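Visitor: Input: one structure, supplied below.
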Amino acid sequence: MKENVFNREAKVIRKARSLLSGDVFQQEDGKQSYRDLLMEYEKLVRQSKRLLKMGDRMQHALSSLNEELQLREQTYRGIFENATEGIYRTDAQGTLLEVNTALANMLGYESAEEYLDSADEIGTAFNNHHVLGQYNEMLNSKQVVKGMQAKLRCAEGDTVWAEINAGVIESQSAEGKQVAGVVGVIADITERKRMMREMCRLARTDCLTSLWNRGYFVELATQEIVRCKRFDNDLSILLVDVDYFKRVNDRFGHDVGDKVLVGVADTLRETLREVDVIARFGGEEFVVMLPDTGLQAAQQAARRVRNAMREQVFAYDQKHPIKVTVSIGVTAYQDSSMSLDLLLKRADTAMYSAKHKGRDRVEYCPLDSVG
């Protein structure tokens, strides 16, 4: 349509030129002639044509840009709505502008709209004000939060462990760059936390008896000795060995032997205090740390353990009860010169003394005994 208009104008100009050939329209007073006016008009038409073409190119460019923006918006919306991680966006004041369905569901809400109706800002989800302060401090100082772990409060009062990554969005204005808001991504790491705790527990636990293992006992006992040296606390150690355990394995098999060891561990738990640290030290040997307990009280605890073992039936083989006894060595922390190695050595000496004196008994290493 536009090209047809230009063609008609061109025909008019050519016809006018043929009529205005020569100088018949030149005026004597030197003013502009009709020919000059016609040439000016032709010039304006050419300029208009160039401008219209330029406008067409700009319009095409704008259309392409709009299409690209729409595609980017659709891509963003697709990621926003279908991401398994929670996503949120706030304004410069921290007010929530939008959240995706994944974040709403993570926090116990059925929809994003329901969550936005209940929360004005992301800070309301934090279960700890100190952690919220750290989050705000990182955004203010570094304009980014990376890998921050925090407990978030859910709709029904439960909590989830979350990992938060967020960053400040800036906009350009006449005054320079301005903070426009924050975009953040939240991942639910509750199951990851549970698995890590379970892995740590398994690394510290004896797989048969579920008592602490030797390595973790040494770690706990070393820490307790440090406290003893600092606060002059009492501390005692029991070393418990199952008597004639090899006979149980040889006669009844290792499956029955394992049942006996589990029964010994259960009896230790039931007989001793919750604060006492019980561990399987290796094979049929168990070790007990008694915090805030002197030698006399430790001997009494050891005798209770020995008596409880005498009365227990640990397993059956063809309806015959299997019972075992234990030999127990007792020692106590004396002064700041004592180490865990020395305590264990003295407890071991006392335990072998009980073995040599007939088993099923308690022996102690005197406080003034030299290791």
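Visitor: Is there a residue being open to solvent by less than 30 Å² (accessible area, probe 1.4 Å) and of a type in the set (D, E, K, R) anywhere in region 308-327?
Guide: No, the conditions are met nowhere in region 308-327.
Visitor: Moving on to the next point. Tell me which residues, restricted to region 328-368, are farther than 24 Å from residue 243 by Cβ and open to solvent by less than 40 Å² (accessible area, probe 1.4 Å).
Guide: Across region 328-368, the qualifying residues are 333, 338, 340.
Visitor: A follow-up question, please. Inside region 236-283, can you point out the residues that are open to solvent by 10 Å² or more (accessible area, probe 1.4 Å), closer than 20 Å to residue 348 by Cβ and not basic (Lys, Arg)?
Guide: 241, 244, 245, 272, 276, 277, 278, 281, 282, 283, listed by residue number.
Visitor: Moving on to the next point. Looking at 353, 336, can you tell me which residue is in contact (Cβ under 8 Å) with a residue 12 or more places away in the chain and under 46 Å from the mean Cα position of the chain (by Cα)?
Guide: 336
Visitor: Please specify each residue of region 211-241 satisfying the condition of being of a type in the set (S, T, N, Q), more than 14 Å from residue 283 (Cα to Cα) and touching a helix residue (DSSP H, G or I) at 6+ places or on another chain (Cβ under 9 Å).
Guide: 222, 233, 236
The values are calculated or read from the model by the stated rules, or taken from the named source; none is laboratory data. The structure presented is a predicted model; accordingly, all values stated were derived computationally and were not measured. Every residue, glycine among them, receives a Cβ derived from its backbone with ideal geometry; neighbour counts consider all protein chains shown. The accessibility values were calculated without ligands, DNA or RNA, using every heavy atom of the protein model including side chains. Shrake-Rupley method; radii C 1.70, N 1.55, O 1.52, S 1.80 Å.
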